[in-house]
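Structure first, then comments.
Every number in this text was worked out from the coordinates using simple rules, so none of it is lab data. Please read all numbers here as calculations on a predicted model, not as lab measurements. So basically every Cβ, Gly included, is an ideal-geometry build from the backbone, and we count neighbours across all protein chains shown.
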Amino acid sequence: MTDFREAPYTGPADLLAMCDLCITLRRHGLGAEHSGDLNWAACMHAQKNPERDTRLWWDGTALAAWATWNPWGLTFALSHAQRENLALLRQLTDWGRAHVRSLSADGTPPATFTVTCFASHEPHRRLLAALGFTPTDEGSLIVNARSLVDPLPEPVLPAGVVVRPPEGDEEFDRRALLHVAVWTSSLLTPAGYRITRGAPGHDASLDLVAVLPDGRFAAYCICWPEPASGSCEFEPVGTHPDHRRQGLAGAVMQVAMQRARAMGLHKALVYCHDDTLPFYRSLGFAPVDRTVDHVQPVGDP
């Protein structure tokens, strides 16, 4: 039995190793996080603490597995070589349970422990079932994809609106405030947005805003390129509440997809809930997978 070395997250090199592990899984047809997910989860704002909330398990110099905790539960991936390793997954979930307890102010964890994986990743789902987890549709995200090789429609913008990256400190601050206007529970700050821009996978030319004639920012997206797989992922996308239903978010995404195709990428991904699926379908995306939460009472082994 292999003894894996458990280690905390230490920075960009570990993030790149996590991305590479997931790219390999997807090459084998097994659902796994896109690099965009991992970059955004680690670097979305200053309150994120990947050094505290992420663990890696190493087999020598090879990354065997990783796990990271967020308020919605534990996400993880076992390497392709370890995809059937029940003992290793038990180590990950044991760490996750202990971590949840350590984060509780009074030492009392939530009633249930949640672990998320992809519906298409049968080995992960079998191992979770063997550990006593039960799948649930609650919290599921739909994974959508579209080809960038197929013709891309030209964005249709209201008169005077342009799509471009934000530029300079003043616009970076306004871009952060736009995100908070869209996602009112977000902890993003101007300082946190700069952390996002420093993520290893961030490409400033794919971080776009729709600018109104008076200079206000109305919609935005970040598109994360993953050259190793020829794909990109949108995370996040949003429109200010005062400027919705004008096609601005779609136009921003279309410009990003044109730029991604010019980089040689051939597929775009975006995750969504059921209520926003029609919007992404209108842009040519179609469901290809989904995430599945697996739950277990905290008191269970």
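Distance from a point 7 Å along Cα→Cβ of Glu171 to each backbone N in region 195-219: keep the residues under 16 Å and list them by number.
What the label zone holds, given the 16 Å backbone N cut-off, is 197, 203-219.
Take every Cα-Cα pair in region 252-301 and report what % of them are more than 14 Å apart. The partial results should precede the final answer.
Details: 788 of 1225 pairs.
So the portion of pairs separated by more than 14 Å is 64 percent.
Hey, what's the Cα Rg ratio for region 195-240 versus the globular rule of thumb, 2.2 N^0.38 Å?
Numbers: Rg = 12.1 Å, N = 46, 2.2 N^0.38 = 9.4 Å.
After normalising by residue count via 2.2 N^0.38 Å, the value is 1.28.
Based on the Kirkwood radius over alpha-carbon pairs, what is the Stokes-Einstein translational diffusion coefficient of region 145-288 at 37 °C with 0.692 mPa s viscosity, in µm²/s? It would help to have the intermediate numbers written out before the result.
Values: Rh = 15.4 Å.
Stokes-Einstein gives a translational diffusion coefficient of 214 µm²/s.
Go through Thr134, Val209, Pro190 and say which Cα lies farthest out towards the positive end of the charge dipole of the chain; charges sit on Cβ, +1 for Lys and Arg, -1 for Asp and Glu.
Of the listed residues, the answer is Val209.
Run the paramagnetic zone check for His80: 7 angstrom along Cα to Cβ, then residues of region 120-141 with backbone nitrogen under 20 Å.
Within reach of a label on His80, which here means backbone N under 20 Å from a point 7 Å along Cα→Cβ, region 120-141 contributes 120-127.
Classify region 146-204 from the C-alpha gyration tensor, please: rounded if a/c falls under 1.5, else prolate or oblate depending on whether a/b exceeds b/c.
Details: a/c = 1.94, a/b = 1.52, b/c = 1.28.
Taking the square roots of the gyration eigenvalues as a ≥ b ≥ c, region 146-204 is prolate.
Roughly speaking, what is the stretch gain from Asp137 to Ala13, that is 0.36 nm per residue apart minus the C-alpha to C-alpha distance, in nm to one decimal? Kindly include the intermediate steps, with their values, before the conclusion.
Details: separation 124, 0.36 × 124 = 44.64 nm, distance 3.38 nm.
Between Asp137 and Ala13, full extension yields an extra 41.3 nm.
Would you mind computing, in nm to one decimal, how far apart the modelled labels at Ser282 and Val149 are, each placed 7 Å from Cα along Cα→Cβ?
Going by the 7 Å Cα→Cβ label model, 2.8 nm.
Can you run phi through the Karplus equation (6.51, -1.76, 1.60; θ = phi - 60°) for region 43-54 and list ³J(HN,Hα) in whole Hz, with x for Gly and Pro?
Once rounded to whole Hz, the list reads 10, 6, 6, 5, 7, 5, 9, x, 4, 7, 9, 10.
Rounded to the nearest 0.05, what FRET efficiency do Ala46 and Ser205 give with R0 = 25 Å and r taken as the Cβ-Cβ distance? Could you check? Kindly include the intermediate steps, with their values, before the conclusion.
Values: r = 24 Å, r/R0 = 0.96.
In this case the efficiency is close to 0.55.
Quick one: give the max-minus-min coordinate of the C-alpha atoms of region 1-134 along each principal axis, largest first, in Å.
On the principal axes, region 1-134 reaches 42, 33, 29 Å in Cα extent.
Pop a pseudo-label 7 angstrom from the Cα along the beta-carbon direction at both Met263 and Arg197 and give the gap in nm to one decimal.
That separation, rounded to one decimal, is 1.7 nm.
What is the spin-label model distance, in nm, from Arg216 to Trp58 if the labels are put 7 Å beyond Cα along the C-beta direction?
5.1 nm
How long is the gain from Ser185 to His28 if the chain were fully straight, where each residue apart is worth 0.36 nm and the alpha carbon distance is subtracted? Kindly include the intermediate steps, with their values, before the conclusion.
Working: separation 157, 0.36 × 157 = 56.52 nm, distance 3.66 nm.
Once the chain is fully extended between Ser185 and His28, it gains 52.9 nm.
Hull surface divided by four, with the convex hull built on the Cα atoms of the chain: how many nm²?
On the way: hull surface 63.1 nm².
Average projection, Cα convex hull of the chain: 15.8 nm².
Excluding Arg175 itself, what net charge comes from residues whose Cβ is under 14 Å from its Cβ, given Lys and Arg +1 and Asp and Glu -1? If you can, show how the numbers build up before the last one.
Numbers: positive: Arg164, Arg174, Arg194, Arg197, Arg216; negative: Glu167, Asp169, Glu170, Glu171, Asp173, Asp207.
Value of the local net charge: -1.
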